[in-house]
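Colleague: My questions will all concern the structure given below.
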Amino acid sequence: MKTIDRTMGPMEWALLLTLSMLWGGSFFFVGVAVEELGPLTIVALRVGLAALALNALILLLGQRMPRDRELWAAFFGMGLLNNMIPFTLIAWGQGHITSGLASILNATTPFFTIVVAHFLTRDEPFTPGRLAGVAIGFVGVAYMLGTEVHEGSPSHAWAQLAVLAGALSYAFAGVFGRRFRALGCSPLVAACGQVTASALVLMPLALAVERFWQQPWPGLETWSAVFGLALFSTALAYLIYFRLLASAGATNLLLVTFLIPASAILLGTFVLGERLEWRHLAGMGLIGLGLAGIDGRPLRRLRKTACTYWKAWREDMNR
């Protein structure tokens with residue numbers, strides 16, 4: 001199977017950094033909105049507004065959404081795995097833990113993806129580097145969860161498990177989404193279809209369960225966060241994601257996982273006044289090391305640099 005794995009130029013790096021800030025900002029936006037809105041309402045507004053924006057873009061580009069039943073069944077399946085389940089679980093989790101910690105736990109998505117792809121696909125088996133990376137990353141997660149349980153913080157532990165379950169759902173979505181290429185669906189239509197399907201389910205569900213109109217009306221800050229979450233961290237982020245996927249490839253896109261926690265932690269610390277504890281930073285370090293092992297490039301570059309210095313040292317000694 002041929003894959004795209006190109007060296008990124010300045011434009012791709014700029015888009016990658018922008019995408020990391022948009023997705024890192026989603027944890028910040030949820031951290032603001034969860035103070036006044038329930039998780040289902042936040043997610044329903046997120047996908048609903050994003051669906052309006054992406055449908056409008058499709059109309060502006062002169063395209064049409066398909067009416068094929070099989071394709072719409074796939075949209076609902078992808079919406080469930082990629083939007084409804086993870087968005088809701090992460091939003092609920094952020095009601096109990098900081099946005100920075102949620103972003104660190106969300107960075108485990110590649111670990112889950114490797115495990116899911118190994119068992120559900122034939123062309124993405126375990127490799128020694130991937131297996132080692134997964135093991136290191138899960139050690140970091142276990143360490144963070146273990147300290148919460150040991151210190152008697154069950155609500156924090158459950159919140160972290162909810163975010164991890166959201167990351168697992170993203171992993172299943174990554175494998176499930178491979179079928180859209182076979183169905184002849186463009187990336188933009190796939191993105192629009194999944195958020196539209198999610199909105200059709202979540203809007204009535206949020207209205208029935210949380211009935212936000214019976215609660216105090218949210219302030220301008222909360223509404224600004226909701227619009228930022230929908231338009232920037234969802235609609236615009238999807239467009240950049242699929243643009244990068246086409247030009248830089250899936251391997252290079254893995255780098256965004258390293259960058260998302262950085263922007264989320266900075267926003268949470270300096271804007272929301274959050275503070276991560278040392279065990280969370282230690283866990284983040286282990287997750288980052290695991291991601292480096294999966295990606296392979298940092299280790300290859302380190303090995304190449306070490307070999308270069310070793311050869312130079314041997315030449316100097318032989319003179």
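Colleague: Loop only by DSSP, 12 or fewer other Cβ within 10 Å of the Cβ. Give me the trypsin sites (Lys or Arg not before Pro) in the stretch 121-220 that pass, ordered by residue number.
Modeller: Filter output for the stretch 121-220: ARG122, ARG211.
Colleague: For the stretch 169-245, count the residues as N, evaluate 2.2 N^0.38 Å, and divide the Cα radius of gyration by that value, please.
Modeller: 1.36
Colleague: Restricting things to alpha carbons, tell me how big the stretch 94-245 is in terms of Rg and Dmax, in Å.
Modeller: Values for the stretch 94-245 (Cα only, Rg and Dmax): 18.4, 54 Å.
Colleague: For LEU37, list long-range residues whose amide hydrogen, built 1.01 Å from N in the peptide plane, is under 5 Å from its own amide hydrogen.
Modeller: Under 5 Å from the amide H of LEU37 lies no amide H from a residue far enough along the sequence or on another chain.
Colleague: How big, on average over all directions, is the shadow cast by the Cα convex hull of the stretch 1-151, in nm²?
Modeller: Dividing the Cα hull surface by four gives the mean projection, 12.9 nm².
Colleague: Let me ask you something else. Compute the orientation-averaged projected area for the stretch 31-102 from the convex hull of its Cα atoms and round it to one decimal in nm².
Modeller: 5.8
Colleague: Rounded to the nearest 10 Å², what accessible area does ASP68 have for a 1.4 Å probe in the complete protein model?
Modeller: 80
The values are calculated or read from the model by the stated rules, or taken from the named source; none is laboratory data. What you are looking at is a predicted structure, and each value in this text was computed from that prediction instead of being measured. We place every Cβ from the backbone using ideal geometry, glycine too, and count neighbours over all the protein chains shown. We work out accessible area using only protein heavy atoms, side chains counted, and drop any ligands, DNA or RNA first. Shrake-Rupley method; radii C 1.70, N 1.55, O 1.52, S 1.80 Å.
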